[in-house]
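Working notes, structure below.
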Amino acid sequence: MKQSKFIVLDLICYVVFPLAVWNLSRDYIGDYYAMLLSSIPGIIYTIYRFIALKKVNIFGIYMISTLIVGTLIDVLAGSAIQLLWNNVIYAYVLALLFLFTIVIKKPIALYFALDFSELQGYNRDFTRRLFHKKKLFHLFNWIVVAFAIQDLLLATIKYWLIIKYGVEAFDKGIILRQIINWGITFVIIGGFFYIGKIINENPELIKEVQEDIKKEV
């Protein structure tokens with residue numbers, strides 16, 4: 001499936017369906033259950049997207065883990081306003097976890113890139129050594145920072161919306177969340193493409209990895 005089709009499905013499942021379900025059902029089943037019900041299309045679509053794109057390993061574990069944890073946080077909230085506050089806290093925690101991978105020198109963006117490279121047929125061990133070259137490694141750290149900024153912005157905006165609108169922040173948050181997600185995602189994708197550009201323009205990096213492997217053998 002072309003990426004453009006996924007963008008359309010993102011819009012439908014993450015924005016249109018949730019807003020429609022929220023506004024049509026809240027008067028009948030209450031705010032809290034309407035919020036839970038509105039998340040179902042996104043959950044089903046996320047699982048489908050995961051299977052369709054065949055994203056596995058670290059990225060797959062990340063996708064499924066955040067999906068499960070996010071769903072549990074929503075289900076266990078007990079009330080609509082608590083659900084919103086839980087999502088704020090969760091976004092801040094995710095941002096800190098992203099930054100923590102930089103601190104321990106294992107930027108998660110690097111492992112996402114390894115997964116994608118392996119799916120394209122590249123040797124994982126060779127690519128891992130290549131990505132750890134200093135010229136590339138620090139770029140993966142900046143990509144992780146972008147991931148963290150994304151969650152920090154989402155959490156801060158949600159916090160402000162809850163303070164100002166209460167439960168009504170839900171539908172406003174859906175639209176803003178998707179705008180921020182798309183905006184930062186384009187930056188992140190640009191970062192990955194820039195790394196690929198550096199590799200293509202610096203063949204000596206590949207030669208260094210080949211020499212390192214020869215020395216070990």
_Count of lysine pairs in the range 91-217 with Cα separation under 15 Å (8 or more residues apart, or interchain)_ = 13
*Based solely on its DSSP helices, what 222 nm [θ] is calculated for the chain when runs of n ≥ 4 H residues each add -39,500 (n - 2.57) and the sum is averaged over all residues, nearest 500 deg cm²/dmol?*
-29500 deg cm²/dmol
_Solvent-accessible area per residue, Å², over the chain with all protein chains present [probe radius 1.4 Å]_ = 58 Å²
_Inter-label distance, nm, simple model (7 Å from Cα along the C-beta direction), I68/N202_ = 3.8 nm
*List the trypsin sites (Lys or Arg not before Pro) within the range 139-217 that fall in a DSSP loop (any state other than H, G, I, E or B) and whose Cβ has at most 15 other Cβ atoms within 10 Å.*
none
*After finding the eigenvalues of the alpha carbon gyration tensor for the chain, what semi-axes result from the square roots of 5 times each, listed largest first in whole Å?*
38, 18, 15
_With every protein chain in place, the chain: carbon and sulfur % of accessible area (1.4 Å)_ = 69 percent
_Cα Rg, Dmax, the range 154-203, angstrom units_ = 17.1, 55
*Which of L110, L19, L11 moves most in a GNM of the chain, Cα contacts under 10 Å?*
L11
*the chain: most fluctuating residue of N141, N123, N87 per GNM, C-alpha cutoff 10 Å*: N123
*Taking only C-alpha pairs under 8 Å that are 6+ residues apart, what is the relative contact order of the chain in percent?*
21 percent
*Provide R26, R124 ordered by accessible surface of protein heavy atoms (probe 1.4 Å), highest first.*
R124, R26
*When only DSSP loop residues count, what chymotrypsin sites (Phe, Trp or Tyr not before Pro) in the range 184-217 have their Cβ near at most 12 other Cβ atoms within 10 Å?*
none
*Determine one quarter of the surface area of the Cα convex hull of the range 91-217, which equals its mean projected area, and express it in nm² to one decimal.*
9.0 nm²
*asked:* Taking the Cα centre as origin and putting +1 on Lys and Arg beta-carbons and -1 on Asp and Glu beta-carbons, what dipole magnitude results for the range 100-201, to the nearest 20 debye?
replied: 400 debye
*Mind checking the angle between helix 57-75 and the chain's longest principal axis? C-alpha axes, 0 to 90 degrees, to the nearest 10.*
20 degrees
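The values are calculated or read from the model by the stated rules, or taken from the named source; none is laboratory data. Quick caveat, the model's predicted, so the values are computed rather than measured. Positions of Cβ are backbone-derived with ideal geometry, glycine not excepted, and every protein chain shown enters the neighbour counts. Accessible surface is based on the protein model in full, side chains and every heavy atom, while ligands, DNA and RNA are left aside. Shrake-Rupley method; radii C 1.70, N 1.55, O 1.52, S 1.80 Å.
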